[in-house]
1. Which count do you get for residues in the stretch 87-103 that are modelled with pLDDT of 90 or more and either assigned to a loop (DSSP other than H, G, I, E, B) or aliphatic (A, V, I, L, M) (or both)?
2. List every residue pair whose Cβ atoms sit under 9 Å apart, with the two residues 6 or more apart in sequence or on different chains, where the first one lies in the stretch 96-122 and is over 22 Å from residue 29 (Cα atoms) and the second, anywhere, is β-branched (Val, Ile, Thr).
3. Would you mention how many residues in the stretch 52-78 are farther than 28 Å from residue 15 by Cβ and either under 16 Å from the mean Cα position of the chain (by Cα) or in a loop (DSSP other than H, G, I, E, B) (or both)?
4. Among the numbered criteria (1) surrounded by fewer than 22 Cβ atoms within 10 Å (Cβ to Cβ); (2) of a type outside the set (Gly, Ala, Ser); (3) in contact with a strand residue (DSSP E or B) (Cβ under 8 Å, 6 or more places away or on another chain), which single criterion is violated by residue 66?
5. Pick from 106, 118: which is among the aromatic types (Phe, Trp, Tyr), farther than 19 Å from residue 48 by Cβ and part of a strand (DSSP E or B)?
6. Does the stretch 1-8 include one or more residues that are over 17 Å from residue 129 (Cα atoms), at pLDDT below 90 and in a loop (DSSP other than H, G, I, E, B)?
7. Filter the stretch 37-58 down to residues that are among the hydroxyl-bearing types (Ser, Thr, Tyr) and either at pLDDT 95 or above or surrounded by 19 or more Cβ atoms within 10 Å (Cβ to Cβ) (or both), then give me how many there are.
Amino acid sequence: MDHTTASNTIRSGVAPLRIFLVEDSVDVRDLMIETLSEIPGVVFAGFSEEEDDALQKIDADSFDVLILDIELKQGNGMSLLRTLSKSAKPLNSLKIIFSNNVSNAFRRAGEQYGVRFFFDKSSEFTKLRNLLAALGTGLPDH
């Protein structure tokens, strides 16, 4: 039995928490995928490092959580959120910003586009992991 199957069994048949990650730093992205994939009940639905590519992938697949950085190789996370908010296809995923850009202006803009959580990439990775662990096991997020 692989890790994903074991996690699903532990969660009593609940579908895995599918995460889509928009992050352009290979090192950060690899660390996040490796670490967060160890959480029972959490799987990565995919990733992108550019705004246009992310839009295509988000439109083509479904997932439960969108984690995005603000600065990307092409485009940016705020523009991505703005485009998604105007899309004909509703995005019902939990939106989380994980970025080094932690100003109040970015936080307010993120909230305008439905971001529920905003984590500082340099100091709050553990908080992000704990939130996803709670969501992955079906526990409340507050």
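The values are calculated or read from the model by the stated rules, or taken from the named source; none is laboratory data. These numbers come from a predicted model, not from an experiment. Heads up, the Cβs are rebuilt from the backbone with ideal geometry, glycines too, and the neighbour counts pull from every protein chain shown.
1. Start the filter on the stretch 87-103 by keeping residues that are modelled with pLDDT of 90 or more, which leaves 94-100.
Imposing the further condition that a residue be either assigned to a loop (DSSP other than H, G, I, E, B) or aliphatic (A, V, I, L, M) (or both) reduces the set to 94, 96-97, 100.
Qualifying residue count for the region: 4.
2. Filtered contacts from the stretch 96-122: 109/115.
3. Of all residues in the stretch 52-78, those farther than 28 Å from residue 15 by Cβ come to 52, 70-76, 78.
Narrowing further to those that are either under 16 Å from the mean Cα position of the chain (by Cα) or in a loop (DSSP other than H, G, I, E, B) (or both): 70-73, 75-76, 78.
Residues in the stretch 52-78 being farther than 28 Å from residue 15 by Cβ and either under 16 Å from the mean Cα position of the chain (by Cα) or in a loop (DSSP other than H, G, I, E, B) (or both): 7 in total.
4. With respect to (1) surrounded by fewer than 22 Cβ atoms within 10 Å (Cβ to Cβ); (2) of a type outside the set (Gly, Ala, Ser); (3) in contact with a strand residue (DSSP E or B) (Cβ under 8 Å, 6 or more places away or on another chain), residue 66 is out only on (1).
5. Values: 106 fails: part of a strand (DSSP E or B).
One residue alone meets the criteria, 118.
6. Yes.
7. First, pick out the residues of the stretch 37-58 that are among the hydroxyl-bearing types (Ser, Thr, Tyr): 37, 48.
Next cut, either at pLDDT 95 or above or surrounded by 19 or more Cβ atoms within 10 Å (Cβ to Cβ) (or both) only: 48.
Total meeting the criteria: 1.
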